[in-house]
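Engineer: Input: one structure, supplied below.
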């Protein structure tokens with residue numbers, strides 16, 4: 001008994017050693033994504049689990065422990081994800097089961113699947129210039145007011161992308177990536193993405209590309225103007241860039257700005273390669289400092305050294321051709337002119353103070369004399385990103401000071417003041433962004449005290465997220481008294497708030513506690529509900545930052561009381577024609593018929609005829625359409 005038991009234990013121990021040895025032999029698989037681990041919203045991605053030895057089964061996991069999204073394909077070692085949503089973003093691993101051993105391998109290294117397009121694209125810019133000399137540095141600035149993490153990617157001439165760095169920021173500050181010292185490998189096309197630090201696998205759409213070009217690796221060309229650098233307005237201007245080097249492309253820049261018109265080089269009469277840039281009839285706008293560069297098509301991010309600058313001057317009689325700062329009678333920098341400005345300013349301040357004192361002592365402070373100011377925004381309180389808006393604060397003619405305030409951390413803080421006796425003060429916001437969007441109020445000062453604040457004005461900026469889709473549960477044509485439902489949906493972004501808007505309408509309906517769809521029911525509708533509707537999606541944590549507007553949907557409310565009167569009008573005209581024919585027949589009979597024997601009867605007939613005609617006319621034309629009535633939009 002004991003020898004048998006010992007033999008079984010030894011056999012089991014050997015088998016265990018063999019299993020663990022086999023597990024160690026085939027180690028762990030590797031996980032890859034095709035075509036890329038960066039997947040735009042709505043696209044698909046294929047994950048493949050690779051292993052050196054044949055395996056009969058594979059498993060896929062998300063490392064954060066959340067449930068695996070639905071797989072649209074699972075063929076042996078291949079897994080298809082998509083159309084991807086935000087839920088697909090994350091870190092994945094896989095493991096395999098051997099054909100001979102009943103144990104799974106170790107998990108692969110994690111593969112990060114990033115979903116792009118969740119947020120709108122950030123901006124990117126190169127400082128001081130996208131043209132960088134060899135060995136110098138350039139700073140790429142990536143910015144989005146909603147995002148606090150930025151990732152920089154480079155695309156080289158072979159089309160491959162490479163991550164060049166990532167950076168966390170605070171307080172909506174931009175991220176500055178320093179590239180340098182500049183080499184040929186550092187040149188290329190750069191884009192950046194943005195995300196939130198608590199959602200590292202959900203990225204924005206890529207920024208617009210910026211091309212970083214290294215210069216100075218070849219000798220500089222020469223730049224000249226046909227006919228000379230001074231031309232009259234209206235004459236044709238042609239700039240010639242030539243070089244002894246065998247460049248096959250030339251580039252022209254004005255005042256450091258690339259004109260985006262590369263030209264192929266050709267042989268000049270003197271044997272040099274050159275390109276002619278026709279600028280057309282010269283205008284004062286063509287005046288400036290020009291430079292040109294040479295390059296090769298097989299190395300588009302490597303340019304020659306800059307040519308010597310060419311100062312082009314287009315002369316003419318137009319006053320617009322002379323810059324304002326060159327006028328000889330300009331008073332800028334003149335101390336006497338400065339004193340002339342300071343004097344009236346001091347006098348004005350003194351006058352305002354004196355008026356305030358007199359109003360304080362001589363005018364009664366009745367509450368009814370301090371009406372609540374009225375605040376409004378034009379052209380609209382819903383402003384596209386980086387757009388401008390004018391805020392109007394209406395007070396009284398006796399108001400000499402207006403103040404605009406914005407709500408921050410539950411407290412209104414001063415934004416701007418306007419001094420001067422006026423009934424309406426204007427405050428202009430030139431660039432609308434997340435810092436200027438919010439809840440505003442205004443007040444005015446008269447005498448020694450302030451008025452009560454106005455009602456709140458909410459300014460919203462749009463375009464920070466991709467647009468949702470607006471639809472209806474039925475047709476867009478409804479009858480008065482009916483109800484209509486709108487659905488505002490986003491296939492990929494989990495908005496928790498939606499807003500329905502109509503241009504020119506005073507009401508913006510807000511739907512709460514939604515995820516991917518907001519439902520709006522309007523009704524009973526009347527004629528005032530007709531119009532073009534759009535919707536927006538937003539997050540409750542940023543109530544004044546909305547998505548781009550959805551598709552426009554027109555609602556038509558038909559007027560049942562305003563029928564087509566064409567047939568009725570034809571009937572009326574026909575009856576009127578018959579009446580006219582009857583009158584003509586009576587008149588004809590009256591003239592051509594036999595004479596009546598009695599004069600009294602002869603005088604009575606016309607009276608009877610006209611009386612009959614008037615009666616018939618009143619019966620015919622006394623019909624009037626019903627009055628139209630309709631409720632106003634609320």
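The values are calculated or read from the model by the stated rules, or taken from the named source; none is laboratory data. Here the structure is a predicted model, which is why all the values come from computation and not from measurement. With ideal geometry, Cβ positions are generated from the backbone for all residues, glycine too; neighbour counts draw on all protein chains shown.
Engineer: How many residues, within region 481-491, are surrounded by fewer than 18 Cβ atoms within 10 Å (Cβ to Cβ), in contact with a strand residue (DSSP E or B) (Cβ under 9 Å, 6 or more places away or on another chain) and assigned to a loop (DSSP other than H, G, I, E, B)?
Structural biologist: Final tally of qualifying residues: 3.
Engineer: Here is a follow-up. Looking only at region 276-295, count how many residues are surrounded by fewer than 17 Cβ atoms within 10 Å (Cβ to Cβ) and closer than 21 Å to residue 244 by Cα.
Structural biologist: 1
Engineer: How many residues does region 15-61 hold that are at pLDDT below 70 and assigned to a strand (DSSP E or B)?
Structural biologist: Adding up the residues that qualify gives 2.
To keep it simple, each residue is scored yes or no on (1) at pLDDT below 90; (2) in the same structural domain as residue 130 (by TED's automatic domain parsing).
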{"site": "182", "(1), (2)": "no, yes"}
{"site": "199", "(1), (2)": "yes, yes"}
{"site": "202", "(1), (2)": "no, yes"}
{"site": "211", "(1), (2)": "no, yes"}
{"site": "240", "(1), (2)": "no, no"}
{"site": "260", "(1), (2)": "yes, no"}
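Engineer: Please determine, by comparing only the residues of region 150-174 that are loosely packed, with under 12 Cβ neighbours inside 10 Å and under 23 Å from residue 36 (Cβ atoms), which one is modelled with the highest pLDDT.
Structural biologist: In this case the residue turns out to be 163.
Engineer: Shifting gears a bit: Only residues that are buried (at least 23 other Cβ atoms within 10 Å of the Cβ) and either within 15 Å of residue 34 (Cα to Cα) or touching a helix residue (DSSP H, G or I) at 6+ places or on another chain (Cβ under 9 Å) (or both): list them for region 93-110, please.
Structural biologist: 96, 105 - these are the residues of region 93-110 that are buried (at least 23 other Cβ atoms within 10 Å of the Cβ) and either within 15 Å of residue 34 (Cα to Cα) or touching a helix residue (DSSP H, G or I) at 6+ places or on another chain (Cβ under 9 Å) (or both).
Engineer: Further question: Take region 205-236 and flag every residue that is within 11 Å of residue 305 (Cβ to Cβ) and exposed (fewer than 15 other Cβ atoms within 10 Å of the Cβ).
Structural biologist: Within region 205-236, 219 is the sole residue that qualifies.
Engineer: Okay, moving on. Quick check, is residue 113 modelled with pLDDT of 85 or more and either out of contact with any helix residue (DSSP H, G or I) (no Cβ under 9 Å at 6 or more places or on another chain) or farther than 30 Å from residue 491 by Cβ (or both)?
Structural biologist: It is false that residue 113 is modelled with pLDDT of 85 or more and either out of contact with any helix residue (DSSP H, G or I) (no Cβ under 9 Å at 6 or more places or on another chain) or farther than 30 Å from residue 491 by Cβ (or both).
Engineer: Still on this model: Restricted to region 175-204, and to residues that are buried (at least 19 other Cβ atoms within 10 Å of the Cβ) and assigned to a loop (DSSP other than H, G, I, E, B), which residue is farthest from the chain's Cα centre (by Cα)?
Structural biologist: The selected residue is 182.
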